[in-house]
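The block underneath contains the structure these notes are about, expressed in C-alpha cells.
The values are calculated or read from the model by the stated rules, or taken from the named source; none is laboratory data. This one's a predicted model, so the numbers in the text were calculated from it and none came from an experiment. All Cβ positions, glycine included, derive from the backbone under ideal geometry; neighbour counts span all protein chains shown.
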Amino acid sequence: MFNEAKAEPIWLGFRIELRRNSSYYPFPKKATPLQREQLFGVLSDIVYQSNSFQSPLKLEFEALSPQERSFIYEHYYLEQNEETAGLGAIVDTEGTKACIINNTDHVQLVSITNLLQFHSDWNQMLLLEKNIGEHLPFAFSQQFGFLTAQLPACGTGLSLVSYLHVPLIFRNDEVQKQLFEKELPKDLSISLTDENSCSHILCVETKHAMGFSEDQMITSLMTFCSKIKAEEERLRSLFQTNELDALQDTLGRAYGLLKHSHKLDPNEARQALSSIKLGLNLGLISGITDEQINTLIFTVRRAHLSLNHPTSSSDIDKARAEYLHKSINSISLNF
Amino acid sequence: MCEGCPYLNERLGKGSDIPSFSEKENVCCVECGTSLAEVLETSEVGCSSCYQVFQDSIRSLFQSKPFINEEKARLLTANPAHPLHGGRKPAEEVEASISSRIVELNNALSLAIRDENYEQAASIRDEINNLMNSNE
C-alpha cells in the first residue's frame with residue numbers, strides 16, 4: 001500500500017479522494033442499474049483512453065466474489081455497500097489508483113500516495129478529472145461547487161487523509177492533549193479507529209469539503225502533519241536516551257509474539273509490527289526494510305490475507321501467524 | 001403587523017396561505033422525487049436538480065450543521081449572499097501553493113540527508129531557497 005518508492009519512516013502516506021457527479025444522470029442511489037451500467041461503461045472508456053492508469057483493470061462489483069469485493073473495499077478504504085448492480089471500479093495494477101462508481105457518487109477518484117509523490121499524483125488526478133469532465137459534464141453550481149449526493153461532501157468534493165506512524169505520541173497523553181486539543185486546526189480532525197490505533201497509526205483528515213480551496217485544504221493538512229512528525233521525532237530521540245531498557249523489552253516481546261505465536265488476531269499482529277517498525281527506525285532491529293514492514297501492517301488485514309495468501313486453514317488467525325512467521329524470518333535484534 | 005400577516009390570520013382563525021413547515025417538507029424534486037423531509041433527515045439529495053429545488057433549506061443546513069467551519073458559518077449568517085464554495089471550477093487549472101510545496105520538499109530533504117544522498121539534498125535545498133525567495 002504505502003510501500004512504493006522510498007518510505008518515510010513516520011509519515012506513511014495519504015489517501016486522496018475526489019468525488020464528482022454527472023449532471024446527466026440522477027445520483028447513484030436514485031439511478032437505475034441500467035443508468036449506472038451506462039455510466040460505468042462511459043467512465044471506463046475514458047480512463048482506458050486517458051492512459052492515466054498503468055495497465056487498468058475494470059472490475060464490476062456484481063461479478064466479483066464477496067472476498068474480492070471486501071479486498072477492494074479494504075484496500076481503498078471504501079464504504080461497504082450491499083448494492084452492487086451497475087457499480088464497479090477501474091484500478092491500476094499497482095493498487096494505488098482507482099476510479100469508482102459507488103452507491104453515492106458517479107465518480108470517486110482515489111489515490112494512495114506518499115509524501116514524495118503527493119503533488120505529482122494530485123496533478124495526475126486533476127488531469128484525469130478534467131478528462132472525465134470533458135466527456136461527462138459535472139454537476140456544478142457557483143454556490144455549492146461540485147454537487148454530490150451527500151451534502152457534507154459537496155464543494156470541492158475533496159477529502160484528504162494522512163497516515164502517520166507515531167507510537168510515542170500514542171504513549172504520551174500530555175503531547176496528545178497539546179497536539180489534538182490545542183493545536184489541531186478547526187478544519188482537520190483526528191480519526192482513531194481500533195484498527196489504526198493498534199498499529200499506532202494516526203489518521204489526520206480534512207473535515208470540510210466546502211468553504212476552502214483545494215490548496216488551502218492541502219496546505220493545512222501538510223503543515224499540521226509536519227508538526228506531528230517533528231514531535232514524534234523529538235520523543236523518539238528522548239526515548240532512546242532515557243528509556244532504552246523499556247524499549248528493548250517491548251521489541252523483544254513483539255519479536256517473540258510474531259515469531260512464535262500459533263494464532264494472531266489482526267490487532268495483536270499490527271501492534272507487534274508497529275513496535276518492530278519503531279525498532280527498525282531506531283536502528284535496534286535489522287534484516288527487514290521499512291517498506292516491507294509497512295506492507296505487512298496493511299496486508300495482515302482479513303481481506304488482504306485471505307485473498308493474497310489462500311490457505312487451507314479455515315482459521316484466519318492461524319493463517320496470519322503462519323504468514324508472519326515466514327515474513328519476519330530474516331529479522332534480527334541488535335541488542 | 002400588516003393586514004395580511006399570515007400569523008395574525010392564523011390567530012384570527014382565517015387560515016394562512018403560507019405552507020406550514022410540515023407541508024413544506026412534503027415538497028419534492030420533480031426530477032428524482034426526493035422530498036425535503038428526506039434531505040433534512042439524511043443530509044442526502046437524489047440529483048443535481050435537488051440543489052436548486054431545496055436551495056434555501058440546503059444553505060440553512062450548511063449554517064446549522066457542522067458541514068463548514070464556524071468562521072465560515074458566521075460569515076454566512078452575517079451575509080447570506082456570501083458564496084459557500086471556495087474551490088476551483090470545472091476544468092480550472094490550479095497551481096499548488098508554495099507553502100505546501102515547501103513542506104513536501106523539506107521532508108524530501110530530510111530523507112535525502114538520512115540516506116546520505118548529499119547531491120540530491122543540495123538540489124532540493126536550492127529548490128527550497130528559490131521558492132522561499134519567490135515567496136518574499
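Being buried (at least 18 other Cβ atoms within 10 Å of the Cβ), more than 8 Å from chain A (Cβ to nearest Cβ) and among the small types (Gly, Ala, Ser) is true for just one of B:Ser49, B:Ser64, B:Ser60. Which residue is that?
B:Ser49
Taking the stretch A:58-93 on its own, how many of its residues are surrounded by 12 or more Cβ atoms within 10 Å (Cβ to Cβ), outside any loop (DSSP other than H, G, I, E, B) and either at pLDDT 90 or above or under 22 Å from the mean Cα position of the chain (by Cα) (or both)?
Adding up the residues that qualify gives 17.
So, restricting to helices (runs of 4 or more DSSP H) that lie completely within the stretch A:254-320, which ones have at least 1 residues that are aromatic (Phe, Trp, Tyr) and modelled with pLDDT under 90?
Because the criterion is at least 1 residues that are aromatic (Phe, Trp, Tyr) and modelled with pLDDT under 90, the helices (runs of 4 or more DSSP H) in the stretch A:254-320 that meet it are A:290-299.
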Requested in this report: Looking at (1) under 26 Å from A:Ile293 (Cα atoms); (2) modelled with pLDDT under 90; (3) more than 16 Å from the chain's Cα centre (by Cα), find the lone condition where A:Ser197 falls short.
Outcome: (3)
Report summary line: Among the residues of the stretch A:147-206, the number that are away from every other protein chain (no Cβ under 14 Å) and in a helix (DSSP H, G or I) is 21
Query raised in the report: Can you tell me which of A:Glu4, A:Glu17, A:Glu37 is in contact with a Ser or Thr (Cβ under 8 Å, 6 or more places away or on another chain), of a type outside the set (S, T, N, Q) and modelled with pLDDT of 90 or more?
Result: A:Glu17
**Report entry** Failed item, numbered, when A:Arg36 is tested on (1) within 29 Å of A:Lys207 (Cβ to Cβ); (2) part of a helix (DSSP H, G or I); (3) among the charged types (D, E, K, R); (4) in contact with a strand residue (DSSP E or B) (Cβ under 7 Å, 6 or more places away or on another chain)
**Finding:** (1)
Requested in this report: Scan the stretch A:245-269 for residues that are in contact with an Asp or Glu (Cβ under 8 Å, 6 or more places away or on another chain) and among the aliphatic types (A, V, I, L, M) and report the count.
Outcome: 2
Report summary line: B:Ser35 passes all but one of the listed conditions (1) touching a strand residue (DSSP E or B) at 6+ places or on another chain (Cβ under 6 Å); (2) hydroxyl-bearing (Ser, Thr, Tyr); (3) at the interface with another protein chain (Cβ under 9 Å from one of its Cβ atoms); the exception is number (3)
Requested in this report: Report, by residue number, each residue of the stretch A:82-104 that is under 28 Å from B:Glu104 (Cβ atoms) and of a type in the set (Asp, Glu).
Outcome: A:Asp92, A:Glu94
Report task. State yes or no: is A:Asp215 out of contact with any helix residue (DSSP H, G or I) (no Cβ under 6 Å at 6 or more places or on another chain) and at pLDDT below 90? Result -> yes
